[in-house]
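> Pasting a structure below so you can have a look.
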Amino acid sequence: MKNAKAQRQVSCSTLAKEDLQVGKFLKLGTLVACLLTALSVSHFFLQNRSIQEPKIWQSNLQETPLPHYERPFGEMSNTTESLTPIPIPENLRQSQADPLKQVYLNWMQSVSRQDRVILEMIYDETSKYPLRDLLLAIIYRESWPKFNPWSYSKAQAMCLMQVNPKVWLPTLKKEGLVTQREELWRIDTCIKAGHFIITHYLDKYHGDLKKALTAYVGGDTRYADNVMHTLRQLAVLRMVAELQTASLSVLPPFPLHKQYSEQNSDYPE
C-alpha cells in the first residue's frame, strides 16, 4: 500500500512539472509571435515610407513654386533671387540711432506695464524741455501704475504729472496751455502743464529743487527725496549711454606698445 501511494505521488509531481514546462513554452511562443508581428509591421511601414505624392499635387507644385520664405532651407540656399530687405520706418531708425533714448526706454519698460509706443511718446514729449530728467522723475513717482497716462488720485489729481484741475485749471487756461479739463489726459498737454507748474515753483524758491518738489506735491518732503533719488538713477543711465556712444577715434592711431618701443628700444616688440 505504501509503495502504491508513493508511486502515485511521484506521478503527480512529474505531471505538475510537465505542466509548468508546457506553460513556459507557451509564454515563450507568445512572446516570439508578438516580436515577429511588430517586426513585420515596422518593415511594412519602412517599405511604404517613400510613397510619392499623387501626380496632381506634383503638377500643382511645379506650376506654382513656393515663395522664398516658404521654401525649405536647402532649396532656398540654391536660389539666386535677391531678397529685398524690409524697410525700416524713419522714426524707428532715428530712435535706434539714439542710444540715450534706447537706454531710457529700456529702463521705463522694465518698471512699467505700458506699451513701448506710449513710453516713447512720453520720452519724446519730455525731451522737448530742458528739464527732461526732472519731468521723467516726477512722472515716475506721480503716475500709478508707472507711466500710466490715465492716473487719477483721490484728490482728483489727474494724468501723468498728477495736475490738480481744481488748483491749476484757471491758471493753465490763462496761460493758454489748455482750454478745458479733459485736455489734460493728453500726454503732451499733461507734460506741458506739469513743466509749467514745476518751473513756477523753481522760480518761486530760487532754484531750490527740494523746496520746489515739496511744494509741487503739497508739503511732503519724502516725495522730494524720492524724486531726487530717481534723478540720480537717471544720471547713471546717462553715463551708461555716454559710454556706449564713446567714439573709438579718441584712441591713438597706432598701438601704445609701438609708441613706447620707439621711445624705449629695450621694450620687446
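> Identify, by number, the condition in (1) more than 36 Å from the chain's Cα centre (by Cα); (2) under 16 Å from GLU142 (Cβ atoms) that ASP203 doesn't meet.
All conditions are met except number (2).
> Considering only residues that are surrounded by 17 or more Cβ atoms within 10 Å (Cβ to Cβ) and within 13 Å of ILE187 (Cβ to Cβ), look in segment 128-137 and name the one that is farthest from the chain's Cα centre (by Cα).
Checking each candidate, the answer is LEU135.
> Return the residues of segment 221-252 that are charged (D, E, K, R) and at pLDDT 90 or above; say none if nothing qualifies.
ARG222, ASP225, ARG232, ARG238
> Right, here's the next one. Against the definition (exposed (fewer than 14 other Cβ atoms within 10 Å of the Cβ) and more than 22 Å from ALA224 (Cα to Cα)), how does SER110 come out, yes or no?
So SER110 passes the test.
> Continuing with this model, one more query. Taking helices (runs of 4 or more DSSP H) that do not extend beyond segment 109-208, which have at least 1 residues that are in the same structural domain as ASP225 (by TED's automatic domain parsing) and within 27 Å of MET239 (Cα to Cα)?
Ranges flagged: 116-126, 132-142, 187-204.
The values are calculated or read from the model by the stated rules, or taken from the named source; none is laboratory data. This structure is a prediction, so every number in the text was calculated from the model and none was measured. A quick note on method: Cβ atoms are made from the backbone with ideal geometry, for glycine too, and the neighbour counts reach across all protein chains shown.
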